[in-house]
1. Considering amide H positions built from the backbone, and no H for Pro or chain starts, which residues 5 or more places from residue B:366, or on another chain, come under 5 Å of its amide H?
2. Let a ≥ b ≥ c be the square roots of the eigenvalues of the Cα gyration tensor of segment A:1-92; is it rounded (a/c under 1.5), or, if not, prolate (a/b larger than b/c) or oblate?
3. If you restrict to DSSP beta bridges whose two residues both lie in the protein assembly as shown, what percentage is antiparallel, to the nearest 5?
4. Going down the list B:41/B:316; A:233/A:372; A:316/B:41, which pairs span over 32 Å between their C-alpha atoms?
5. With point charges of +1 on the Cβ of Lys and Arg and -1 on the Cβ of Asp and Glu, referenced to the Cα centre of the protein assembly as shown, which listed residue (B:432, B:100, A:142) lies farthest in the positive direction of the dipole?
6. Charges at C-beta only: +1 for Lys and Arg, -1 for Asp and Glu. How large is the resulting dipole of segment B:1-141 about its Cα centre, in Debye rounded to 20?
7. In debye, nearest 20: dipole of segment B:453-534 around its Cα centre with unit charges on the Cβ of K, R (+) and D, E (-)?
8. Which whole-number value in Å² is the accessible area per residue of chain B, probe 1.4 Å?
Protein chains: 2
Amino acid sequence: MQIPSDLEIARDAVLEPLSDIAGRMGIGPHLLEPYGESVMKVRLEAADELAERPRARYVVVTAVTPTPLGEGKTTTTVGLGDGLSRTGRRTTLALRQPSMGPVFGIKGGAAGGGYSQVVPMETLNLHLTGDIHAITAAHNLLAAMIDNHLYQGNQLELDPHSITWRRALDINDRALRNIVTGLGSRTDGTPRQTGFDITAASEVMALLSLATSVRDLRARLGRIVVGTNRSGKPVTAEELGAAGAMAALLRDAIKPNLLQTLEHTPVLVHTGPFGNIATGNSSVVADLVGLRSSDYLVTEAGFGADMGAERFFNIKCRISGQAPDAAVLVATVRALKTHSGRFKVVAGRPLPEEMLAESPDDVRAGAANLRKQIENCRLHGVSPVVAINAFPTDHPSELDEVRAIAAEAGARSAVCRNVVEGGRGAEELAETVAEAAEEPSDFTLLYPDNLSLREKVEAVARNVYGADGVEYSTTAEKQLESCERNGLGHLPVCIAKTHLSISADPQLRGAPTGWTLPVREVRASAGAGFVYLICGTMQTMPGLSATPAAFNIDIDEDGQVSGLS
Amino acid sequence: MQIPSDLEIARDAVLEPLSDIAGRMGIGPHLLEPYGESVMKVRLEAADELAERPRARYVVVTAVTPTPLGEGKTTTTVGLGDGLSRTGRRTTLALRQPSMGPVFGIKGGAAGGGYSQVVPMETLNLHLTGDIHAITAAHNLLAAMIDNHLYQGNQLELDPHSITWRRALDINDRALRNIVTGLGSRTDGTPRQTGFDITAASEVMALLSLATSVRDLRARLGRIVVGTNRSGKPVTAEELGAAGAMAALLRDAIKPNLLQTLEHTPVLVHTGPFGNIATGNSSVVADLVGLRSSDYLVTEAGFGADMGAERFFNIKCRISGQAPDAAVLVATVRALKTHSGRFKVVAGRPLPEEMLAESPDDVRAGAANLRKQIENCRLHGVSPVVAINAFPTDHPSELDEVRAIAAEAGARSAVCRNVVEGGRGAEELAETVAEAAEEPSDFTLLYPDNLSLREKVEAVARNVYGADGVEYSTTAEKQLESCERNGLGHLPVCIAKTHLSISADPQLRGAPTGWTLPVREVRASAGAGFVYLICGTMQTMPGLSATPAAFNIDIDEDGQVSGLS
């Protein structure tokens, strides 16, 4: 059962020429821009050129509420893609681009694992084609133009204390969370308190992930609100004269990046917005291309089905106008055991001994979470398929128990072993997903645009989270009213709560009931196109640990990278 | 005489496939990595593979002391390249990558001008292949690891007040010059005062421009000094465990970028270090590739011959071991008139009316600067050629006067009109440069490694700047001693003084004498491999003006950029 390391497997991979892969997608060379040897950008014209082709089945991969153990959602997504390819279905994957913060911080990379990987993994993890850097540059250009506006006389009467636009860098650097800028002498700007977020948390990232065309990108950039003037009126990037230059900085970043899996399934990697204060979903444009260039388009949404999938349905699909045909819910025996609340599981520590003992009963005790997440897919009219990502230490009776729980909830299920076996280990899952996706779809948004923001939050909190209601802080109440007043009431809502529980309390496992969603703050991502509500503390700039992954990363004299995993 | 705008000319350009251009350089497809349509990276293996081929003539383009009017050094470099190509000499250009700070700040682009441009200009000016972003990322990773080291217990006993490593961004943002980081709560780091420099001023940029191989890059990164410990001993990036990860971030950035001129002369664009606190020269590795793939390699050094060319000779060539065969000194009638001190010239304002009147006498009155810069090339045993960049408003008698001044100083000269005429307008210059470069070269470094730092500074100040001597502040004295004590005495020196005068006073025109060089501070770029001395105030983070170029930059719905020039 011992398999080589991720990096070893990735290094041994024999890549297929991307132009051949693109060819199978119907994407000709005139629509491709090579970046190095094994990555290409796909021009947005591809979506228009392929518009007459049949639309792919659209599958979103989500999961039970994440546990510190990791459920293998990305590996399952990659395995499913390879499984669908192996069973004769032309399939494209659409994934988020990993941030370099965690690459050098926690884990040294994010490209799947084992025999379900996206390659080349070094390129994927380090810069890729520079999209995140372009977003950083656009974000910080706006920041510089805000401070320059204050410095040059503040013609728009922007209230410095109202400025919500911070700066961004793709790094884990806690020292940049809270800073004072503009110190020094009179010619060094206007002192004020601000900070940096990791670029994944930038509104520009969210905006790029939701833009449907270059024209739409340009318009959304103009609508970004950076603060208010002395009369409380929003001040936009357009008014500051920054939106055009920001768009110029993003002219290549809006094109999806084409890579491949170890088994040569095409993968569109594009954008990587945060999963709490933003959508946690890869880009609309990548999906628009993928939906016209394959039989199946499989995309992954961040965190559990209450988080990434809910935003996939109610924000991403609302904006793109595309309806999903199936949702895959990744579950593991160990996750369900963790959701039983019977074990104390800590990230980075070995599994508690007693969790490895055969116990379908412990699995059953954690069923509520899986059941609720199945329901959360159904709420949107989408057929759920439970993908049971099998670990070598799982017992057959436990895997059967997960299948039984799924069956009782009326959901299809399949066990997959693709991390060890590659796409072959996901063929059953592929057939099951195809069965679900080929049924007529009945996709419905959870709420219409014309509900009030308050009603929209209520809809998500009650129906998706299982809360009894919503409670607003005084600040949040005021901010909510101000959003409505400023004409943002038609936007969908993005609720930033913990991803570690369906509730707002990270400690609560399963499917908590009898609680109220506490909204602390309300902010608008007017450019990206949603209003987000902060429940609890959201960290938008991670820190490094005492032994960051960077310690182990190096190159040899041929430029070969080591230490990524 | 009216020619279309730079952007119009660049847009109408018909590019030659880069693989054909590379083919003429003897660089096969296995050594090329395409980035988008019209840019490729060249693998460093190219230099080894081509090692047996005859070495090109090596020509550096420098200038008289810059005036607010601009002398057209880059256009002359491009024109000379095209002129050499047209006269049957296979020629490669090696240029610096423009920073995006000025692109959005002052001038909206830097790719030459008129019919002497590097194309595609949008790509050149916006991100190119992401090298500068990679440098930013490597720079800031080290910064994050420094602050993390303090936060995690400070095992190396790094003295927070000794930390000289700041952060970097490729932007003009004065508000970031002086900041306090680590504010917030106990988990948000250790508060301390620091700031951001523009990435061109990063030591990582200087280091990448001077590295001779991947192995050398890795070693230099390890030697970066970020501050001292409680006992005053230098603390390095290697000790902080950051150098390997920084090298991984730079694994593609070390490969030169291949573009072309409007006339299809190959251009290696690579690195863009500051011209005051660093070398102001493009990379060693680009030159090593170019020197084996053409008959002529033409590179450009920053500012006047006392600045960029002096560092080209004494830092870049010292490290690369390559000897130049000729130096081109760009001069203009208007520059010499400005150096006469008879006119008040302000950047961005129209020329004073009286400067346009025919007056060889005013030209002659500014001759001292040109003469001294000719001497500065000769000091290093390199044949100078004066390139007179003709403007439509110049009078023939004035152009003749410049030629006469050059001839009196024993230098060859040629008038060039390539901005309006393209390479055809630089054929005379090409022939003249070839004549100079084909003479036996007698290149000599101004000082050997084993002189003391003080003696090295003295050598540059007296011989190149024409100073009577050097004066150190008490701080500078101590820092100089500390550099010697820490084993950095063998390094070359980089004197950061104003580029607007050969002296240390930006107001003084011509070739000032009877003055003393005031050294305010001494710092080590131990990784890059030089010690730099600060004379006067060096701005390492520019600001934006009241009407930055960003205001005019935009894209249309096809992603076409406008407003760059």
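The values are calculated or read from the model by the stated rules, or taken from the named source; none is laboratory data. Quick caveat: nothing in here was measured; it's all calculated off a predicted structure. Note that we place each Cβ from the backbone using ideal geometry, even for glycine, and neighbour counts take in every protein chain shown. Just so you know, the surface numbers come from the protein's heavy atoms only, side chains and all, with ligands and any DNA or RNA stripped out. Shrake-Rupley method; radii C 1.70, N 1.55, O 1.52, S 1.80 Å.
1. Amide H to amide H, under 5 Å and 5 or more residues apart or across chains, residue B:366 pairs with B:340.
2. oblate
3. Percent antiparallel among DSSP bridges in the protein assembly as shown is about 45.
4. A:233/A:372; A:316/B:41
5. Farthest towards the positive end: A:142.
6. 480
7. 180
8. Per residue, chain B has an accessible area of 33 Å².
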